[in-house]
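The values are calculated or read from the model by the stated rules, or taken from the named source; none is laboratory data. Fair warning: this is a prediction, and the values are worked out from it, not measured in the lab. So basically every Cβ, Gly included, is an ideal-geometry build from the backbone, and we count neighbours across all protein chains shown.
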Amino acid sequence: MKRAIPAQALSRRPSEAELNILLANDILISLKGADNEDSVRGLNPRRFVLEEAAFMREGFWEEVAQPNLQATQGGALFISSPKGRNWFHKLYEKAKAGELGPDWAAFHFTIYDNPHIQRDAIEQIKRTVTREVWEQEYMANPDAYSGQQYHEFQKQIHVVPHREPRKQAGVFLVRSIDWGWEHPSTCLWGELFKDEKRNKWCLYIYGEFGRSGQNCGDFSNLVKGISGDSSFLWTTICSSARRTEFATGKSILSQFVYHGIPCTLPPNDDSFRVNAAKMMLRDVDVTISNRCVNLAREL
């Protein structure tokens, strides 16, 4: 914004500390965070611009922003990617249907409506993101994340005849544990290898095991027994392993380490993990043994 406003239109140098710009006509443009609602109260602005409104708290508009416009009879501009059919989408639908009166209007734009982005660049983006990301972030579709999460999974493509993992240079064995108490604890065994034809690392999941009602020690012994004398490049464990085990007062992660299975926690970002799995399925970078019937059913 600082680069877009000519110097002669400014009343003073923009304040990066206070995140505001004062124009020569005494109009103050100020940036506030919706997560700090007290900073917005009592402003009495002429206009609010709610950027990524769908990701704000549901009551932010009615309880905080809208009351602050009453003194000035100001307006508001809502700009956002959708986040399902939440309060923002409902407000959009009401404005579109004319239920909010003549002072409201609703507009829907996609990336194809942007005249500054070349069509080949758009197609490149479409090829490199998941369907859900494309539909929500680029096509403004509120239903992008509804329905089956891993729609990329196709049994006839991803499930392959079983084979034992190879023991050769450049092939690595990996494990992944999903710890649970009320639901079964699960371990998957995989083979990580380089597909030289595609120059990509791929994953073949060759084994699965699940058991309910096991403590960390018992489940660790079962996993080690199934793993035999094989060496594993890594063993990942679900993010819930940060929690403490009631019986010992120690973290689930430390209990697995104590019982001989050092584990690595995944990135603390659900959407990152889901999208990574979806893109591997989309590109068929992961295949699953036909013996892993539970994993295939869950997908």
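Summary table below
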{"read-out": "Filter pass, W234 being within 30 Å of Q136 (Cα to Cα) and either among the aromatic types (F, W, Y) or not assigned by TED's automatic domain parsing to the domain that holds G170 (or both)", "value": "no"}
{"read-out": "Evaluation of E298 against (1) under 25 Å from V133 (Cα atoms); (2) surrounded by 18 or more Cβ atoms within 10 Å (Cβ to Cβ); (3) of a type outside the set (S, T, N, Q) (one fails), failing number", "value": "(2)"}
{"read-out": "Selection from region 242-278 of residues that are of a type in the set (A, V, I, L, M, F, W, C), outside any helix (DSSP H, G or I) and free of Cβ contacts under 8 Å to residues at least 24 places away in the same chain", "value": "F246"}
{"read-out": "Residues satisfying the stated conditions in region 147-192, i.e. closer than 20 Å to M280 by Cα, at pLDDT 95 or above and among the basic types (K, R)", "value": "R175"}
{"read-out": "One residue from R211, R198, R242 being within 25 Å of V284 (Cβ to Cβ) and basic (K, R)", "value": "R198"}
{"read-out": "The one condition in (1) under 24 Å from R57 (Cα atoms); (2) touching a residue at least 40 places away in the same chain (Cβ under 8 Å); (3) more than 21 Å from the chain's Cα centre (by Cα) that E137 fails to fulfil", "value": "(3)"}
{"read-out": "Test: residue in region 80-91 that is at pLDDT 90 or above, within 25 Å of the chain's Cα centre (by Cα), within 26 Å of I111 (Cα to Cα) and exposed (fewer than 13 other Cβ atoms within 10 Å of the Cβ)", "value": "yes"}
{"read-out": "Residue under evaluation E123, criteria (1) assigned by TED's automatic domain parsing to the domain that holds N36; (2) part of a helix (DSSP H, G or I); (3) at pLDDT below 95, criterion not met", "value": "(1)"}
